[in-house]
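Working notes, beginning with the structure itself.
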Amino acid sequence: MAGAPESTQTASGTPWRNPLRDGRDKRIPRIAGPCSMVIFGVTGDLSRRKLMPAIYDLANRGLLPPGFALVGFARREMSDQDFGEIVHEAVREHARTPFRQEVWDHLAEGFRFVQGTFEDGDAFGRLAETLSRLDDERGTGGNHAFYLSIPPNAFPVVLDQLHRHQLTSSAAALGRAPWRRVVIEKPFGHDLDSARELNALVNRVFPEETVFRIDHYLGKETVQNILALRFANQLFDPIWNANYVDHVQITMAEDIGLGGRAGYYDGIGAARDVIQNHLLQLLALTAMEEPISFEPRQLQNEKIKVLSATKLVEPLDETTARGQYAAGWQGGQEVVGLLDEEGFDPQSRTETYAALTLEVDTRRWAGVPFYLRTGKRLGRRVTEIAVVFKRAPHLPFDQTMTADLGENALVIRVQPDEGITMRFGSKVPGSSMEVRDVNMDFSYGEAFTESSPEAYERLILDVLLGEPSLFPVNAEVELSWRILDPVLAHWAADGKPEQYEAGTWGPDSADAMLARTGREWRRP
């Protein structure tokens with residue numbers, strides 16, 4: 001159908017649209033307008049493994065403007081060409097899409113590097129001059145995003161330098177040009193007070209609508225699919241409430257340890273690192289009401305309502321658990337415990353496992369416990385949301401026929417095997433009426449021919465487009481800390497975390513936490 005008209009008229013004179021072109025148009029993603037991105041901390045691990053490869057992948061997919069520019073800022077001395085070689089190495093090693101020389105050559109024309117420390121005012125002056133030249137040479141139009149891939153304690157000086165050199169003065173409402181935006185990596189503070197201070201600091205320089213706090217979990221396809229599952233299907237809505245749901249388990253388990261990461265992790269711990277942001281965001285998406293529309297503000301408002309209604313279940317001695325991995329076996333190899341990892345204080349009280357019991361105090365969810373857990377050196381790497389339903393009120397079978405029958409469950413697998421599993425009872429073939437659990441499975445990899453983009457691809461593109469739907473706002477960050485702070489205070493006064501063997505599923509206290517209510521953790 002090459003050359004088919006875009007539109008014509010039917011016999012009745014009404015306009016007719018080519019359905020093939022309509023379908024095509026709906027699938028075409030938005031392309032960012034003229035702009036540049038400045039990465040502070042460009043020589044760091046996050047930039048090398050995630051940010052620079054994601055920018056190449058966006059270019060390879062045709063989603064960046066022709067004149068896009070990438071500016072690196074770091075203390076190391078190097079030329080624009082040296083910087084390009086660093087980006088090239090990162091792309092070759094970590095990019096998701098195939099390397100294409102013509103794409104690379106065009107993208108590399110926009111690479112610039114500025115050397116300096118965060119305290120060096122002259123370096124920020126050179127940055128301002130570089131961006132001004134890019135406006136002329138690359139047509140970036142004064143539109144610049146500043147990615148702070150740096151420790152939070154460096155935020156004040158960088159923000160002050162950007163403001164002093166008038167690099168934030170064009171910050172305007174989303175959708176207008178020229179614009180300036182800032183991207184902030186977690187952690188968003190270490191408690192409620194520090195989060196408020198950080199938010200106030202950032203908002204003195206960048207209005208809230210130009211602030212993009214990255215939680216990379218929200219960029220994952222399967223996380224966004226929670227919204228599609230819930231609000232595009234009538235099948236689930238009638239049972240998505242306390243009348244049918246017994247409890248919800250949200251798990252993020254890792255099988256790796258913390259060797260070499262003591263500088264970042266010691267003193268932070270699993271609850272601050274994962275529960276405050278990733279898991280509470282997953283809870284909000286699971287429990288939220290249907291928004292009026294999928295405009296960013298409407299989506300954010302519904303998440304804020306959920307977090308406002310989320311409460312800890314008391315007493316914390318019985319409804320929370322924390323642990324610290326000890327020596328054990330992982331993947332057939334013997335591994336050391338946290339206190340023997342390089343850089344960790346032998347007296348460290350930093351938890352590597354954390355579990356909480358929460359309730360969402362709304363009509364829909366009243367009385368339904370939400371169990372959140374995360375840990376290092378657990379049985380396997382997996383992130384999932386398991387909505388576990390109540391047992392049928394009456395089973396017209398002999399008890400021996402249903403001895404192996406568990407609870408129905410809907411499991412959303414976020415990683416690594418992205419998809420959805422439904423668990424329900426089915427008759428076992430044979431002459432007797434024996435009922436057992438079976439699984440019905442949907443896998444992204446099998447259902448769709450195209451591979452999912454990396455989370456940072458989606459999020460960086462959204463920053464450049466000015467699309468804030470997947471980025472937590474001030475209220476979400478502060479409400480999350482309000483939920484978590486009492487637990488952290490309780491643990492701080494309660495001695496050391498319980499030890500658990502590496503390669504297992506956490507401390508005994510976590511199992512006891514659920515056993516008190518007659519429940520048990522799902523084994524992914």
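The numbers here are math on the coordinates, done by the rules we state, and not lab data. Source: prediction; values computed, not measured. Cβ placement follows ideal geometry from the backbone for every residue including glycine, while neighbour counts extend to all protein chains displayed.
Residues in segment 425-430 carry Karplus couplings, in order, of x, 9, 5, 7, x, x Hz; the curve used is 6.51 cos²θ - 1.76 cosθ + 1.60 with θ = phi - 60°, and Gly or Pro positions show x. Per residue, the average separation of C-alpha pairs within less than 8 Å and at least 6 apart gives segment 32-185 a relative contact order of 29 percent.
Cross-link list 50/220; 186/311; 186/220: which exceed 20 angstrom alpha carbon to alpha carbon?
On the way: 50/220 13 Å; 186/311 23 Å; 186/220 16 Å.
Violating the 20 Å Cα-Cα cut-off are 186/311.
Across segment 97-102, coupling constants 3J(HN,Hα) worked out from phi with the 6.51/-1.76/1.60 Karplus curve, θ = phi - 60°, read 9, x, 6, 10, 4, 5 Hz, and Gly and Pro carry x. Couplings 3J(HN,Hα) for segment 181-190, derived from phi with the Karplus relation 6.51 cos²θ - 1.76 cosθ + 1.60 (θ = phi - 60°), are 9, 10, 10, 10, 8, 5, x, 8, x, 10 Hz, where x marks Gly and Pro. Sorted on the mean count of surrounding Cβ atoms within 10 Å across their residues, most packed first, peptides 138-149, 202-213, 89-100, 453-464 read 453-464, 138-149, 202-213, 89-100.
Using the Kirkwood radius over Cα pairs, work out the Stokes-Einstein diffusion coefficient for the chain at 25 °C and 0.890 mPa s, in µm²/s as a whole number.
On the way: Rh = 25.4 Å.
D, rounded to a whole number, is 97 µm²/s.
Close amide H partners of residue 335, meaning residues 5 or more places away or on another chain with modelled amide H under 5 Å apart, are 328, 329, 330.
What is the projected area of the convex hull of the Cα atoms of segment 340-399, averaged over all directions, in nm²? Working shown, then result.
Details: hull surface 33.2 nm².
About 8.3 nm², averaged over all directions.
Among DSSP bridges having both ends in the chain, what percentage is antiparallel? Round to the nearest 5.
The answer is about 60 percent antiparallel.
Each of the peptides 231-240, 112-121 was scored by the mean count of other Cβ atoms within 10 Å over its residues; in descending order, highest first, they stand as 112-121, 231-240.
Less than 5 angstrom separates the built amide H of residue 406 from those of 437, all sequence-distant by 5 or more or on a different chain. Relative to the longest principal axis of the Cα atoms of the chain, the long axis of helix 455-465 makes an angle of roughly 50 degrees.
Amide H to amide H distances under 5 Å link residue 499 with 324, where only residues 5 or more positions off or on other chains count and H is placed in the peptide plane.
To the nearest 0.05, what FRET efficiency results for residue 239 and residue 381 with a Förster distance of 22 Å applied to their C-beta separation? Could you put the intermediate results ahead of the total?
Details: r = 30 Å, r/R0 = 1.36.
After rounding to 0.05, the efficiency reads 0.15.
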